[in-house]
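Let me begin by presenting the structure, written as structure tokens, before commenting on it.
Just so you know, all these numbers are worked out from the coordinates, no wet-lab data involved. What you are looking at is a predicted structure, and each value in this text was computed from that prediction instead of being measured. Because the Cβ atoms are built from the backbone with ideal geometry, glycine has one as well, and the counts that use them run over all protein chains shown.
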């Protein structure tokens with residue numbers, strides 16, 4: 001399975017890796033890259049010569065690194081292969097792109113050292129878990145995979161002294177019959193509001209165009225009364241979390257709300273997104289209210305980028 005690093009924008013494709021931070025314009029006009037010492041792990045164009053926080057997502061800026069190599073992630077399961085419906089012990093190791101030594105130190109990213117997203121090939125199963133980090137660099141967690149199928153695992157992390165990464169590995173559960181190609185789903189747009197627990201979540205999106213930075217806004221209501229919810233709680237250091245995957249599992253990104261255009265406790269939460277290519281993309285949004293995390297899913301249609309008429 002191919003593994004691809006991501007820049008702070010966290011967008012990648014199986015066709016090839018992209019370090020979007022390279023050559024990005026600084027947040028301040030005329031700011032020389034030579035003076036850049038800190039960057040936002042989520043927004044590559046936010047750079048600073050001094051420590052601070054990102055004005056967009058309020059994350060702590062991290063030291064800028066020149067280590068742009070391809071980190072490698074190894075995955076082990078017990079049992080191997082996993083058995084549907086049974087507890088699977090999952091072990092992860094990350095290796096340095098130059099020395100191949102295991103990475104032991106990670107930056108804290110929204111209260112966790114590593115965010116692991118697990119998605120089934122049919123896009124019906126989704127999990128967001130946080131493996132435990134041992135001093136020797138071993139990351140481990142337990143997970144139940146419900147059906148015989150292929151599952152993709154996306155690990156979002158920043159190695160100490162390295163660049164933000166989103167690495168992908170696949171796991172096949174015992175008894176899975178469909179091949180990678182045969183098992184691909186073809187999604188239809190689904191922008192209807194969703195209910196999970198005490199909240200109803202609606203999505204407000206313009207015509208989304210591939211390659212364009214745009215806003216996705218979600219409105220949160222009380223599922224019973226329809227009243228706007230104004231008591232959302234921080235979840236893992238953010239107002240909410242968004243994870244998106246294309247229908248072929250090749251393109252993915254993890255995003256957090258833009259503080260300046262979102263309501264701190266609801267009802268509106270807005271994310272800056274950039275889908276790399278046209279097609280249908282499944283989007284999961286997670287938020288917390290009264291101590292319970294709600295997860296809702298939408299299917300967002302993405303239009304092709306307009307052709308350059310000068311050609």
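Here the simple spin-label model places points 7 Å from the Cα toward Cβ, and for residue 185 and residue 84 these points are separated by 1.5 nm. The Rg/Rh ratio for segment 140-252 is 1.00, where Rg is the radius of gyration of the alpha carbons and Rh is the Kirkwood radius.
As a rough footprinting exposure proxy, the listed residues 115, 186 were ranked by other beta carbons within 10 Å of their own, and the order from fewest upward is 186, 115. Shown for segment 75-139 is the translational diffusion coefficient from the Stokes-Einstein equation, using the Kirkwood radius over Cα pairs, a temperature of 10 °C and a viscosity of 1.306 mPa s: 117 µm²/s.
Fully extending the segment from residue 126 to residue 144 would add 5.4 nm, taking 0.36 nm per residue of separation and subtracting the current Cα-Cα distance. The convex hull around the C-alpha trace of segment 194-302, projected and averaged over every direction, spans 6.3 square nanometres. Packing, as the average of other Cβ atoms within 10 Å across residues, places the peptides 79-85, 193-199 in the order 193-199, 79-85, highest first. With a cut-off of 13 Å on the backbone N, the residues of segment 215-231 near the modelled label site 7 Å out from residue 195 along Cα-Cβ are 221-227. Sorting the segments 155-167, 267-279, 102-114, 135-147 by their mean number of nearby beta carbons within 10 angstrom, highest to lowest, gives 155-167, 267-279, 102-114, 135-147. Note on 263, 99: ascending count of other Cβ atoms within 10 Å places them as 99, 263, the fewest first.
Counted by neighbouring Cβ atoms within 10 Å, the residues 217, 88 run from fewest to most as 217, 88. Here the simple spin-label model places points 7 Å from the Cα toward Cβ, and for residue 136 and residue 102 these points are separated by 0.5 nm.
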